[in-house]
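The values are calculated or read from the model by the stated rules, or taken from the named source; none is laboratory data. Please read all numbers here as calculations on a predicted model, not as lab measurements. Cβ coordinates were reconstructed from backbone atoms using ideal geometry, including for glycine residues, and neighbour counts include every protein chain displayed. Note: areas computed on protein heavy atoms with side chains; ligands, DNA, RNA excluded. Shrake-Rupley method; radii C 1.70, N 1.55, O 1.52, S 1.80 Å.
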Amino acid sequence: MRRECNVAVVGATGAVGKEMLKILEERDFPIRNIRAIASERSEGKTLKFAGEKIKVEKLDSSSFKGIEIALFSAGASISREFSPKMVKAGAVVVDNSKAFRMEEGVPLVVPEVNPQAAKSHKGIIANPNCSTIQLVVAINPIHKFAHINRLNVSTYQAVSGTGKEAIEELKKQTEQWIEGDEIIREVYPHQIAFNLLPHIGNFLPNGYTEEEMKLVNETRKIIEDENIAVTATCVRVPVFISHSEAVNLQTEKKITPAQVKSILMNAPGVILQDKPEENIYPLPLETAGKDEVFVGRIREDFSTDKGINLWIAADNLRKGAALNTIQIAELLIKENLI
């Protein structure tokens, strides 16, 4: 008989929070009691779960009672303030924000890559950044076989990574452009409709953005190899759902495209989609709503001796956020870590 848990989704009315509730239901997560928690402005709203309506509660000190697993997706400041309180009250927190990802002693987990890291948790487990998750799911099997020395990653990230306000802004700007109206900018510093913004997160003194450095540092932590050289350019694109990545990797051991395809064909959480002669390769439009990480356009980098190019796409709200969080929670139950 499987163990049932009292589960809270914190940030339940946001894009990722709603996706969490949807996936918990889809995967028949062993829930005894589910609580939807959000900010004061969402208090009293109702959300559907398993055919029933659940009332949204305000996040405060009374939110912690009886919770065994808390899935947080309410932003870093909320996570920093309330996660330790939730842990003190007896819950294990799986946090989807940047608050604890690089904190020493907090596991940063992708179940297909480093499930063993979850065993060392002290009440909080961090869910990696969306672009990092899909990257490591795809490259880890290659790294195990040929040892990756260097990664050069360019990301093409959907507006849903910013939140539901950005989704609405892209819709509105598209309509404004079609109608010939003035383009109104509120979420992004420039028009996002029919445009690309090489700017995700704040710019740092080294010229990189926060998003780019997340990808660099989180990849090393998850793969458990500080010697991998990683560089990244992260771009926001006018796509609603699913991030894409162009990846160039260099390995210690020579590996052929055929070997990479063979490895990825059997890799957990990966779907190989690589028949360019038939126009088959990963597309954000087709990966939206899917759980897996899709990989294609696998080819040798002929400019160097041991290089491979990949194209990766995955739903940033599912595998890049909500699904990975829930997979961590499933791991906690399976390994009796709560």
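Mind listing the phi-derived Karplus ³J(HN,Hα) values for segment 307-322, rounded to whole Hz, using 6.51, -1.76 and 1.60 with θ = phi - 60°, and x for any glycine or proline?
Each residue of segment 307-322 in turn: x, 9, 10, 9, 10, 10, 9, 7, 5, 6, 7, 8, 4, x, 8, 5 Hz.
Regarding segment 50-205, what is the average projected area of its C-alpha convex hull, in nm²?
Projected over every direction and averaged, the Cα hull of segment 50-205 covers 14.1 nm².
Quick one: pull the percent of accessible area on segment 60-153 belonging to carbon and sulfur, 1.4 Å probe, ligands and nucleic acids left out.
Using a 1.4 Å probe with all protein chains present, segment 60-153 comes out at 53 percent carbon and sulfur.
So if each residue of separation counts as 0.36 nm, and I subtract the Cα-Cα distance between residue 120 and residue 85, what length gain in nm does that give?
Full extension from residue 120 to residue 85 adds 10.7 nm.
Before I look further, what does segment 256-338 give for accessible area per residue, probe 1.4 Å, in whole square angstrom?
Accessible surface, normalised per residue, equals 46 Å².
Suppose R0 equals 51 Å; then what is the FRET efficiency for residue 171 and residue 305 from their Cβ-Cβ distance, rounded to the nearest 0.05?
Calculated value: 0.65.
Given a 1.4 Å probe and every protein chain left where it sits, what share in percent of the accessible area of segment 205-338 is carbon and sulfur?
Accessible surface attributable to carbon and sulfur in segment 205-338 totals 51 percent.
Assuming 0.36 nm per residue, please report the length gained on full extension of the stretch residue 48 to residue 195 beyond their Cα-Cα distance.
Using 0.36 nm per residue and subtracting the Cα-Cα distance, I get 49.4 nm.
Please compute the alpha carbon radius of gyration of segment 197-338, then divide it by the globular-protein estimate 2.2 N^0.38 Å. Two decimals is fine.
The reported ratio for this selection is 1.14.
When the Debye formula is applied to the Cα atoms of the chain, each taken as the same point scatterer, what base-10 log of I(q)/I(0) results at q = 0.07, 0.09, 0.13 Å⁻¹?
For the requested q values the scattering log ratios are -0.29, -0.48, -1.00.
Heavy-atom accessible area per residue, segment 1-110, 1.4 Å probe: how many Å²?
49
In whole percent, what relative contact order does the chain give with Cα contacts below 8 Å and a gap of six or more residues?
18
Which aspartates and glutamates, on any chain, are close to residue 172 with Cα under 19 Å apart, when same-chain ones fewer than 8 places away are left out?
The reachable aspartates and glutamates, counting only those whose Cα sits under 19 Å from residue 172, are 181, 182, 186.
Which log10 I(q)/I(0) values, to two decimals, does segment 278-338 give at q = 0.25 Å⁻¹ under the Debye formula with one point per Cα?
With one equal scatterer per Cα and no solvent, log10 I(q)/I(0) is -0.95.
Residue by residue, what Karplus-based ³J(HN,Hα) values in Hz, rounded to whole numbers, does segment 4-14 have, using 6.51, -1.76 and 1.60 with θ = phi - 60° and x for Gly and Pro?
Each residue's phi maps through the Karplus curve to give 9, 10, 8, 10, 10, 10, 9, x, 5, 8, x Hz.
Which is the longest stretch in the chain that no exposed loop site breaks, taking sites as chymotrypsin sites (Phe, Trp or Tyr not before Pro) with a DSSP loop state and at most 12 other Cβ atoms within 10 Å?
1-193
Starting from the Cα of residue 224, step 7 Å toward the Cβ, then list every residue of segment 112-130 with an amide N under 12 Å from that point.
113-120
Could you check the simple spin-label distance between residue 28 and residue 187, using points 7 Å along Cα→Cβ, in nm with one decimal?
Modelled inter-label distance: 3.6 nm.
Using a simple spin-label model with points 7 Å from Cα along the Cα→Cβ vector, what separation in nm is obtained for residue 210 and residue 76?
Between residue 210 and residue 76, the label points sit 0.4 nm apart.
Let me see the P(r) profile for segment 120-239: every Cα-Cα distance counted, bins of 5 Å, each bin given as a percent of all pairs.
Here the calculated profile for segment 120-239 is 2, 10, 18, 18, 15, 13, 10, 6, 4, 2, 1, 0.
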